[in-house]
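The values are calculated or read from the model by the stated rules, or taken from the named source; none is laboratory data. Keep in mind the model is a prediction, meaning the values are calculated, not measured. Reconstructed Cβ throughout: ideal geometry from the backbone, glycine too, with neighbour counts over all protein chains shown. Surface areas here come from the heavy atoms of the whole protein model, side chains and all, with no ligands, DNA or RNA. Shrake-Rupley method; radii C 1.70, N 1.55, O 1.52, S 1.80 Å.
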Amino acid sequence: MEQHKGSARDQFVSKLGFIFAAAGSAVGLGNIWRFPYLAGRHGGGAFVLFYLICIIVIGFGLMLAEFAVGRHTQLSSVDAFKKLDRRFTFVGAMGVLAAFVIMGYYPVVGGWSVAYIFKTIMGQLSTDAAVMEQTFGSLVGGIASPIFWTVVYLLANVVIVIKGISDGIEKASKVMMPLLFILLIILVVRSLTLPGAMEGLKYLFVPDFSKLTGDVLLAALGQAFFSLSLGMGCMITYASYLSKKENLVQSAIIVPTMDTCVALLAGVVIIPATVAFGFDLGQGPGLVFVTVPAILATMGPVLGRIFGLTFFLLLSVAALTSSLSLMEVVVSYLIDNRGWDRQKAVLGSSTAMFIICIAASLSMGIWSGFTIGGMNIFDLLDWFANNVLLPLGGIFITLYVGWFWGVDKVRDEITNNGEVRFALFNVWIFLCRFVIPLIIAIVLLSGIGII
Ligand code: PFF
């Protein structure tokens, strides 16, 4: 984070600094790993359409609400709510729990990504589904190897968060993100020129509404929250470093737009190629790790390796800028509210995260027989955080902003005391009061089978 030193609280110097930090948190495994596999699993077009509706109706609005709370209080989420209205402190606490739960499996996938940097360099690429599935299966189904890569990934987080050097990573991501964009576009071209790819494109964008069950709706909603880093106070914390001059509305439009573009690009890389190769669309978390190497294999051994190295490196860095923000939510809670010093907070929380990661990793292999409600530990953590905690957080944050904060105060914050025009203010407040909490509540209840 580029900061003004010496002011009451450090702030982002440039608008771009903030947008890149927020986009760094948003763009991660959620876009490139999770979005395509959920779209593949949940029937494509209808899932994608509802996901986009969630981004437009809920994502923009909730992000603006989180930005407003963060910048107004200049505090991270637990303290922000404590200051604004003690009754809502639990919203911040729920966010800390969500960050912790997500960090119980996110580093496992981050570890896979790091492992694939080496696998693609070693030329373990093939357009044969059976070979690629076996390569992925033997990595995630193993014991020591996936845990080793999880440690590598988690250690990178620990070092960066202890040293408080995420500034450097965020600066690097200013270069990496455009690079990721370019690489995805190259892969889109390769994927769409595979014979049979158009069928996959249709699958991704032509909705088949018979696929829309409550479960699928909730998956799309949860994905919107996860991908935009919403519902858990992460964006509140980032915006707490924002100067009173910045235009919140503009930022709340730019960040979700960038995030959604990356997700759609990843979908257009992966789904058409999966169909073209005749791989299983519903295979779940392995999708990107099976299909992308197969696309690379069609590029020849040299280009395939170069692009493979670049792709998984960029994916790992994108994952890192997201997990740093997740770890920071937990760490800053322990520092600000429990009085721990930074080192103790980082080491303590990451040790606990690591233990859960071990269980999550083993649940893809030797512990796969242990399930609750048909979900292994990995899926359960993912489901509970994204389909329960984040949507609940979203309900309470928008209700707070819509009903409890006071419309005039909210307007002053969003418009920088009247200096910035926001013609849709009333529409947005209406969304926060009624539409967003209601949609989330209905989808949540139908997704968990209550209605
Ligand atoms: N948005 C990140 C991703 O798409 O990978 C994950 C994430 C980061 C979720 C930070 C929530 C969060 F607070």
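Some points to look at:
- Count Lys and Arg as plus one, Asp and Glu as minus one, and take only other residues whose Cβ is under 14 Å from that of Val96; the net charge is then -1.
- Taking all Cα pairs closer than 8 Å and separated by 6 or more residues, the relative contact order of the chain comes to 34 percent.
- Mean residue ellipticity (222 nm) of the chain, computed from DSSP H runs ≥ 4 via -39,500 (n - 2.57), nearest 500: -22500 deg cm²/dmol
- Placing R0 at 22 angstrom, the Cβ-Cβ distance between Asp408 and Ile442 gives a FRET efficiency of 0.15 after rounding to 0.05.
- Folded to 0 to 90 degrees: helix 129-140 orientation relative to the chain principal axis, Cα: 50
- log10 of Debye I(q)/I(0), alpha-carbon scatterers only, for region 70-128 at 0.18, 0.23, 0.28 Å⁻¹: -0.70, -0.88, -1.01
- Put simply, when 429-440, 137-148, 66-77 are sorted by average Cβ atoms within 10 angstrom per residue, most first, you get 66-77, 429-440, 137-148.
- Carbon and sulfur %, accessible surface of the chain computed with the full protein complex present, 1.4 Å: 68
- If the chain linking Asn417 and Phe209 were pulled fully straight, counting 0.36 nm for each residue of separation and taking away their Cα-Cα distance, it would gain 70.4 nm.
- For region 169-261: rounded, prolate or oblate by the Cα gyration tensor [a/c cutoff 1.5]: oblate
- With all protein chains kept in place, the per residue accessible area of the chain amounts to 37 square angstrom at a probe of 1.4 angstrom.
- The C-alpha atoms of the chain define a longest principal axis, and helix 214-228 lies at about 70 degrees to it.
- Whole-Å semi-axes of region 6-161's equivalent ellipsoid (Cα gyration tensor): 36, 21, 16
- Measuring between their Cα centroids, region 345-359 and region 366-423 lie 24 Å from each other.
- Other residues whose C-beta falls under 13 angstrom from the C-beta of Phe81 contribute a net charge of 0, scoring Lys and Arg +1 and Asp and Glu -1.
- Nearby lysines by direct alpha-carbon distance to Lys202 (threshold 16 angstrom, same-chain neighbours under 8 apart not counted): Lys211
- When only alpha carbons of the chain are considered, Rg and Dmax amount to 21.0, 62 Å.
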